[in-house]
Amino acid sequence: MNYHIEVRKEYVSLMVKLVILISSVCLFFIPEVVFSETKKQEKVFSYYMPGLKKEDEVTVELYDANFGKLADKKITIEGKTMNIKKEKDSVQIISKYDAKYDLLLTIARVSENKTWQISDSYLIVNEKNTVSDDFDSKKILLNKVDTDYVSPYHRLRAVSNIDGDDPDSNGFTGGWHTFDNKRNSPTSKMESYQLFLDDKEYKKDGLYEADTVKIVTTNLVQGTNTKKVDGTGRAILREKIIYTIVDGNINVEVELSPLEDVTLDDYYFLQASTNNYNNGIIPVGDPLYPNEIKNFSQDIFGSNKEKSNCSKLILSDAANYLIMGLDPTYGIGNYEYNKNNSIWFYKQYVKLYFNLIAKEDSPLYVKKGTVLKARGYYQF
């Protein structure tokens, strides 16, 4: 049997997918018909219709070969779960947060190092079922970020050819960290950056939509004994970071590759400011803290790996949560380079850390050609 199919619109029309379990359809046009077409030997077909929104009403009319009407069928409009705004130095992503709000996440080139890092997040009032695409609408600050979330490196040092301007420095390089507290020259430099939306690379700035956003970036990081006051210090480590965003989740993977033999005292991997999430901390699975921590008047140190399997830290404010987690089965997430120290800790300057590499009697020696990996996430 041959069928005729028409799609009518109530509001003008993105992508409509029609799954019609029929053998064929025939084509003609009448007023108010968006399309009708003959499709032989096809069961699934799609039409791109600019301007169509999820809330628009689309109806399929089925006809027999003599154009006798058989049935009406309303079609659900398929769209993506996130709207994206790509600019030169930032990627903004809007997704649903709850019934009242949408969530806007930002990955941007920030700090004096101008590397791609997690930045500010906001709430946008939106009680519709569809995701807002208005990046200029009024926003409510959810999380102000003025520090690194993916860890810098504490005393990352070259083993040989020491040529830095402060070779005995006890500081950090990479992340948000500069030469020192008085001189804001960079200690890290972006090497590469790619944006993928649903596994397809996009290079042009613009407005897009997707179900998955992936940002892949590499940075060249100087050592504390190779950094220079003018910012031209020798890079001794390549840092690859992959941010994969799906709705309110930011999955983070790192690959750390020394460009020469190096030593490293400490590396935390994931960390978070508690400026906005300042109501409580729950270290899931740590027997030292079976209840939510409410007192932040002093530094707090969790259990070591022998006593705790904590891989999830929950931060809260009065109404929202930020979950910071790591994969203990992947790479250095098993704390092989932190056998005795706390596997997480909090500092009074309102910051929370995991603690994957911790100096014992001597720093970790990492040979050129070694790759250190870790995987974790932030969930808003």
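The values are calculated or read from the model by the stated rules, or taken from the named source; none is laboratory data. Nothing here was measured: the structure is a model prediction, and the numbers come from that model. Counting neighbours? That spans all protein chains shown, and the Cβs are built from the backbone with ideal geometry, glycine included.
Tabulated results
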{"item": "Subset of region 346-367 (residues that are of a type in the set (S, T, N, Q) and buried (at least 22 other Cβ atoms within 10 Å of the Cβ))", "result": "355"}
{"item": "Some residue of region 266-273 being at positive phi, in a loop (DSSP other than H, G, I, E, B), crowded, with 20+ Cβ neighbours inside 10 Å and not hydroxyl-bearing (Ser, Thr, Tyr)", "result": "yes"}
{"item": "Residue that is farthest from residue 175 (Cα to Cα), among those in region 235-246 that are touching a Leu at 6+ places or on another chain (Cβ under 9 Å) and crowded, with 18+ Cβ neighbours inside 10 Å", "result": "245"}
{"item": "Single match in 316, 297, 342 (criterion: surrounded by fewer than 19 Cβ atoms within 10 Å (Cβ to Cβ), modelled with pLDDT of 95 or more and among the small types (Gly, Ala, Ser))", "result": "316"}
{"item": "Unique residue being closer than 25 Å to residue 86 by Cβ and either surrounded by fewer than 16 Cβ atoms within 10 Å (Cβ to Cβ) or modelled with pLDDT under 95 (or both) when the list is 288, 207", "result": "207"}
{"item": "One residue from 253, 239 being assigned to a strand (DSSP E or B), over 30 Å from residue 124 (Cα atoms) and assigned by TED's automatic domain parsing to the domain that holds residue 338", "result": "239"}
